[in-house]
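The values are calculated or read from the model by the stated rules, or taken from the named source; none is laboratory data. Every value quoted in this text rests on a predicted model; they were computed, and no experiment measured them. A quick note on method: Cβ atoms are made from the backbone with ideal geometry, for glycine too, and the neighbour counts reach across all protein chains shown.
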Amino acid sequence: MDLRILLSSVAIGVLAAGSGWAQEDGDLATAVTTHREMVVTANPLATAAGAHILKLGGTAVDAMVAVQTVLGLVEPQSSGLGGGAFIVYYDAKHQQTITLDAREKAPAAATEDRFVNAGGFINAWQSGLSVGVPGVPRMMEHMHAKYGRLPWQRLFIPAKVMAQRGFELSERTSSQVAGLLAANASCEEGERLFFRDPIAFEYFVNSDDCSAKPAGTLMVNKPYANTLKALARWGADAFYQGPIAEEIAAAVQGDLNIPGDMTTDDLANYQVVERDPVCMNYRGHRVCGMGPPSSGGLAVGQILGLMENRPDLMGSEPLDVDTVHLFSQAGRLAFADRNQYVGDSDFVSVPVAGMLDEAYLAARAALITETDMGTADPGTPPGVVSLNGPDNTAKLSGTSHVSIVDRYGNALSMTTTVESSFGNGVMVRGFLLNNELTDFSFAPTDNQGNPVANRVQPDKRPRSSMSPTIVFAADGKVELVTGSPGGSRIIGYTAQSIVNVIDFGLDPQEAINVPHHMNRNGRTDIEEPIPGVTWEYDTQALADALVDRGHSVGVIAQTSGLSIIQVVESEHHGMGRKGKRGKHHHPHTLLIGGADKRRDGTVGGR
Ligand code: GLY
């Protein structure tokens with residue numbers, strides 16, 4: 001496919017959807033509506049590629065493969081072939097919801113003390129120790145084999161064309177390169193920490209003055225095109241075995257900062273895992289998310305369940321002090337449990353059902369009063385078998401969220417990541433390696449010597465906060481597809497998006513435009529409004545009202561990247577198949593999309 005054809009699909013697939021860059025209403029973006037299919041991503045080129053595949057009759061999974069391969073090229077700081085992902089997928093034909101765990105794994109040689117003497121988070125991040133065995137290529141292949149419709153090879157064409165002919169570097173990528181370069185004490189080779197890898201340095205940086213390549217630079221990535229060609233031709237084995245796998249293992253083991261221990265056997269042995277979704281009821285809706293090793297589904301579910309138990313404390317507006325207070329207290333309780341109990345459930349016992357047990361949540365919700373409770377202690381959910389130490393590590397993150405609904409009624413919610421910005425900073429064959437293993441607790445035990453559920457262990461997957469979510473109506477129909485990047489703030493962003501739609505009746509774009517607030521069992525953060533992007537509100541008045549209730553408050557910038565699709569079904573009198581008007585009731589599907597303008601989010605589809 002010619003790039004011009006792909007770009008014209010931007011016009012057809014995205015702009016025709018009532019402006020894929022969202023219309024302006026006053027200053028703020030408004031929702032985009034389509035009737036047949038929709039894709040929302042954090043980058044316009046990825047959205048265009050997904051919309052193009054949907055237009056060809058592809059499924060949500062087909063579109064996801066095209067989107068993911070383009071994101072790895074044009075938003076490499078957030079996700080890619082060298083990273084991992086979680087998917088919640090609704091299979092319309094079988095009326096079944098599955099989740100896919102494509103989380104990166106620790107190498108077989110990893111030990112509990114991996115990060116104890118690594119010199120702190122930044123040094124561990126920029127090293128071979130942090131690289132987990134990637135999950136994305138195997139995830140794409142697994143999902144396509146089960147749920148794809150278009151030929152596998154076709155799905156790689158958009159990204160391959162862009163990689164070969166070039167694409168314009170985004171302002172977002174360029175400024176993130178500049179931010180990391182500024183954090184280096186020296187730009188000299190051998191002394192640089194960020195972009196220490198000469199290949200990544202040459203790709204992203206002007207070597208003459210050590211500045212980030214500016215936005216608009218035509219970026220050509222032939223090694224990436226060649227990697228895609230190998231994947232398209234030979235499938236995921238081309239990544240996990242043979243020369244690409246050998247090069248990944250060599251890059252990890254030869255890291256210029258701290259060598260890692262990933263081997264070609266680790267790559268060859270990698271498997272994705274289908275797991276049951278974690279579902280709970282919220283105000284008559286069924287909310288389904290990702291279970292362990294992600295904490296997302298449990299923490300989002302706990303926040304919602306705790307809120308539902310306290311209608312007496314719920315506010316009437318998204319940003320009134322009652323709503324923010326109740327959400328913050330639910331956040332405190334949810335994060336206390338999350339930090340205590342959640343790790344990879346293939347290695348540690350996680351009381352999944354107990355954490356969402358209705359009686360347990362009712363008892364926990366009774367702890368909430370009209371004033372801030374201070375640091376919440378974890379509860380004892382039914383099913384706890386061992387006393388863990390908590391993992392309170394705070395995390396930064398480079399992550400992206402993709403929401404897709406196709407014409408067949410399938411829905412896909414995927415959060416995909418290389419962990420921190422640009423992963424561990426090392427480029428192999430055109431893609432960046434992740435630093436996902438820094439999502440493990442650096443301390444294997446707490447001060448009392450209790451093992452931390454999220455400690456490093458060989459072949460284990462680090463705990464995540466990623467919260468891809470699908471919400472169903474009481475009749476089982478898909479209502480909402482949502483999720484966000486943002487490190488452990490993902491949990492708050494995602495839960496708030498659901499509250500904004502279900503409790504306050506906002507459409508997806510309005511739900512995104514509401515400033516964020518949350519408490520991760522510490523300070524209550526409220527978002528500094530962004531003119532033209534979020535609602536304006538009186539931050540001082542809200543902060544003062546929260547302080548009156550005993551909160552410590554931070555007014556801070558927030559970097560969510562929510563991608564939301566709402567599915568609205570209504571009966572209407574339409575044309576019958578043979579063109580006879582009036583006699584037939586047809587379900588009429590409206591897809592309403594919202595994309596986060598805090599990032600480069602766009603909506604596409606028809
Ligand atoms: N690396 C971000 C997360 O998994 O939560």
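If you filter segment 127-138 down to residues that are within 14 Å of the ligand (Cβ to nearest atom) and outside any loop (DSSP other than H, G, I, E, B), you find that the one that is nearest to K460 (Cα to Cα) is S130.
Pairing each residue of segment 587-599 that is farther than 24 Å from Q77 by Cβ with any residue that is modelled with pLDDT of 95 or more and among the small types (G, A, S), provided the two are 6+ apart or on different chains, yields C-beta distances under 6 Å for I592/A31. If only residues of segment 300-357 that are of a type in the set (D, E, K, R) and not in a helix (DSSP H, G or I) are counted, the one that is nearest to I526 (Cα to Cα) is D320. Condition check for V342 on (1) within 26 Å of T399 (Cα to Cα); (2) without any contact (Cβ under 8 Å) to a residue 24 or more places away in the chain: one failure, at (2). Restricting to segment 456-499, name every residue that is among the small types (G, A, S) and within 12 Å of the ligand (Cβ to nearest atom). Once the filter is applied, which keeps residues that are among the small types (G, A, S) and within 12 Å of the ligand (Cβ to nearest atom), segment 456-499 yields S464, S465, S467, G483, S484, G486, G487, S488. Among the residues of segment 229-251, is any touching a Leu at 6+ places or on another chain (Cβ under 8 Å), among the small types (G, A, S) and more than 30 Å from D101 (Cβ to Cβ)? Checking segment 229-251: not a single residue is touching a Leu at 6+ places or on another chain (Cβ under 8 Å), among the small types (G, A, S) and more than 30 Å from D101 (Cβ to Cβ). Please verify whether L28 is surrounded by fewer than 24 Cβ atoms within 10 Å (Cβ to Cβ) and at pLDDT 80 or above, treating the condition exactly as stated. Answer is yes for this residue. Among the criteria (1) within 14 Å of the ligand (Cβ to nearest atom); (2) surrounded by fewer than 22 Cβ atoms within 10 Å (Cβ to Cβ); (3) of a type in the set (A, V, I, L, M), the one A443 does not fulfil is (1). Can you say whether G260 is crowded, with 23+ Cβ neighbours inside 10 Å and closer than 25 Å to H144 by Cα, as far as the supplied structure shows? Considered against the rule, which asks whether it is crowded, with 23+ Cβ neighbours inside 10 Å and closer than 25 Å to H144 by Cα, G260 comes out as no.
Checked against (1) over 26 Å from A108 (Cα atoms); (2) part of a helix (DSSP H, G or I), D265 passes all but condition (1). Selection of segment 436-455 for residues being part of a strand (DSSP E or B) and either more than 14 Å from D113 (Cα to Cα) or touching a residue at least 60 places away in the same chain (Cβ under 8 Å) (or both) yields P451, V452, R455. Are any residues in segment 403-424 within 15 Å of the ligand (Cβ to nearest atom), of a type outside the set (A, V, I, L, M, F, W, C) and either assigned to a loop (DSSP other than H, G, I, E, B) or modelled with pLDDT under 95 (or both), and if so, which ones? Within segment 403-424, S420, S421, G423, N424 qualify.
Checking each residue in segment 78-126 for being closer than 30 Å to T445 by Cβ, within 16 Å of the ligand (Cβ to nearest atom) and assigned to a loop (DSSP other than H, G, I, E, B) picks out G83, R103, E104, A106, F115, Q126.
Residues of segment 155-173 being of a type in the set (K, R) and over 24 Å from the mean Cα position of the chain (by Cα), which ones?
Here is the first cut: in segment 155-173, the ones of a type in the set (K, R) are 160, 165, 172.
Within segment 155-173, just R165 meets the criteria.
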